[in-house]
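Single-structure report; data block below.
What follows draws every value from the coordinates through simple rules; no lab data is involved. Computed from a prediction, not measured in an experiment: that's the story for all the values here. Neighbour counts run over all protein chains shown; Cβ positions are idealised from the backbone, glycine included.
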Amino acid sequence: MNGIFSLILITLLGCWLDASEIRFHLPVRLTGEAQADQALKPEDFRLVVNGADKNIQAVKRKQKSLAIKPDLGREFILSFKLSKYGSAVERELAYFVTEILDTSDSLYLLTPGQLYRLNVSANKGSIQREIRELLEKDCPIFRDEWTSAEARLKSYLEGLKTVLDGDPQGVDIYKQTSLFLNVFPEEFSRYQNRFLVPDPKRYEHVLSQLGFGEGERWWVHFEQHQDPKLYQKIQGIIKAIDDHISLLSTGHQALAIAMKASLTRLEETLTLPNSFPSTELVEVLAANETNYNVVFIRGDSIRETNLALAPFVNLVALYGEVAKAAGGMAVSAGTDERALTKIVNHVEEYCELAFDWDGRIEDARIQVLVKGQADDLRYAEHLTQAQVDSRVQFFSREKVRIDDVSVTAGRLTFVVNAFERKKENDFGLLRIRVLLLDDGNQSVYKQENTLRATKEKVSISLPFPEGLKGTFQLSIKAYDLIANRLADEERQIDLK
């Protein structure tokens, strides 16, 4: 102890929050440039839950960035759609482990095969080895499945190409082409859903296992570009079928029209914006308060000139839109600068609406308006009954509290209690921060300390400097570093 805090340790009986004391917090991103710069107050918002207006208790402007280490531990999910673990991935992960990951954080690894929880220790080399070993184990299995699925599609393409390269007046061409157009789109759709576009249900399954908490949650997805040869073959077949339809138009117009309709359906299946689940994925991430980022990894065999022949441009843009809506960004891994440095330097800005919950466990349909407008807002529009229950259970559990705040004769006193204690050693670990802000929101006083508390209650007495006079905004924050929870208290005080 450094003398800033004087501590009196007193036994305190715990208590549980009543349902009427449950306060929810809803992050709302203002994506419109004009709104993002405004100083918004509770009366500027309208919040409707299941058709009923909710009274907004407070609105806080917040920022989140990987460059800013928060007081509470973070949850990281690293996911991978890779056929091969290579040097580009190794370089990005080395940067993540050494420069971003902290021992207070939690780390989950979602390989193409399964979800793992990794132990986060001070041994950075051990963490990197474990990640590499898991990816080197699971990625080849995924690559074999990927290769087999591509081979099946290529067999359809090559079979039809052989037919189309034969006699253009052959009676078998129409039959084989029609069969192809009936079967191939469904086969390709299954392939696309497994290997090209994200699965919101898998995201939801992963996030539901993590539950709800107060710490930041970050998801970084590593996506490897596919070999464009398959898409070159598909485009070639589409052109060949279109040429065949042109021949049919002269004497078999009805057949040509039917075949053209089937070809159009195939082309629509290949169009990524039609099949990419942007809305569903954004909703899953918003409901689980997850900042989402994507790192694209280019395979060694893919040349710049071939990127336009595959759906990569659309894929990058679509992932980028999802990442932006979820507070993050999409970047490509280059040969020099690490892509993750761009993500680290990105700052997410949003508002947090605080409102009281009535304790009912049910699906929640949410609508937010700011100054009467619903445009350019991103938030969780739907919480399932399970998600509401997870929040209610979390906020109902006893958590660290700040009580008995008093300012008398230039001295601040308050009590911190209901914090979690390590069972094996029976002590709590708290970080206490006290701030005074003037009317310009500038800090004029700050004190901070980390305490090892061996009793159930900590009383703190702290003198303010004698020359500090006037009206100030007092902010007290107590971080329970064992439970990874936060209590804060704000009020206006007069120092005379």
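General observations
- Of all lysines in the structure, those lying under 18 Å Cα to Cα from K239, and not within fewer than 8 positions of it along the same chain, are K154, K161, K175, K229, K260.
- FRET efficiency estimate (nearest 0.05) - Cβ-Cβ, K60 to D376, R0 25 angstrom: 0.85
- FRET efficiency, 1/(1 + (r/R0)^6) with R0 60 Å, evaluated for D165 and V48 via beta carbons: 0.45
- Think of each Lys and Arg Cβ as +1 and each Asp and Glu Cβ as -1; about the Cα centre, that makes the dipole of region 75-345 roughly 420 debye.
- Remark on A58: its backbone amide H falls under 5 Å from those of A354, a criterion applied only to residues 5 or more positions apart or on other chains, H modelled at 1.01 Å from N.
- Cα gyration tensor, region 17-164 - rounded (a/c under 1.5), prolate or oblate: oblate
- Two-decimal Rg/Rh across region 75-345, once Rg and the Kirkwood Rh are taken from alpha-carbon atoms: 1.06
- Region 28-122: relative contact order in percent, alpha carbon pairs under 8 Å with at least 6 residues between: 22 percent
- Note: relative contact order over the chain, using C-alpha pairs below 8 Å and six or more positions apart, is 24 percent.
- Test item: Cα-centred dipole of the chain, Lys/Arg +1 and Asp/Glu -1 on Cβ, debye: 800 debye
- Linear extension gain, T279 paired with K84, 0.36 nm per residue minus alpha-carbon span: 67.3 nm
- Between T147 and K229, residue separation times 0.36 nm minus the direct Cα-Cα distance comes to 28.3 nm.
- Theoretical gain in end-to-end length, E267 to E362 [0.36 nm per residue, Cα-Cα removed]: 30.0 nm
- Note on the chain: dipole from Cβ charges, positive end direction compared against L495, L285, L272; the farthest Cα belongs to L495.
- Using alpha-carbon coordinates, inclination of helix 312-325 to the longest axis of the chain, degrees: 20 degrees
- Local charge for F427 was computed over the other residues whose Cβ lies under 15 Å away, with Lys and Arg +1 and Asp and Glu -1, and equals +2.
- Given charges at Cβ of Lys, Arg, Asp, Glu: region 319-386 dipole, positive-most of I361, Y379, I343: I343
- Between 0 and 90°, nearest 10: helix 229-248 axis offset from the chain longest Cα axis: 40 degrees
- Out-of-range pairs (alpha-carbon distance over 30 Å; input K81/K233; K60/K81; K64/K371; K324/K399): K60/K81; K324/K399
- In region 75-345, the DSSP beta bridges split such that about 15 percent are antiparallel, to the nearest 5.
- Label zone (E489, point 7 Å along Cα-to-C-beta; backbone nitrogen cut-off 11 Å) within region 410-454: 412-417.
- The value of relative contact order for region 75-345, using C-alpha pairs under 8 Å at least six residues apart, is 22 percent.
- Between 0 and 90°, nearest 10: helix 124-164 axis offset from the chain longest Cα axis: 30 degrees
- Unit charges at the beta carbon, dipole of the chain: most positive-side option, F464, P228, M259: F464
- Of all DSSP beta bridges in the chain, antiparallel share, percent nearest 5: 80 percent
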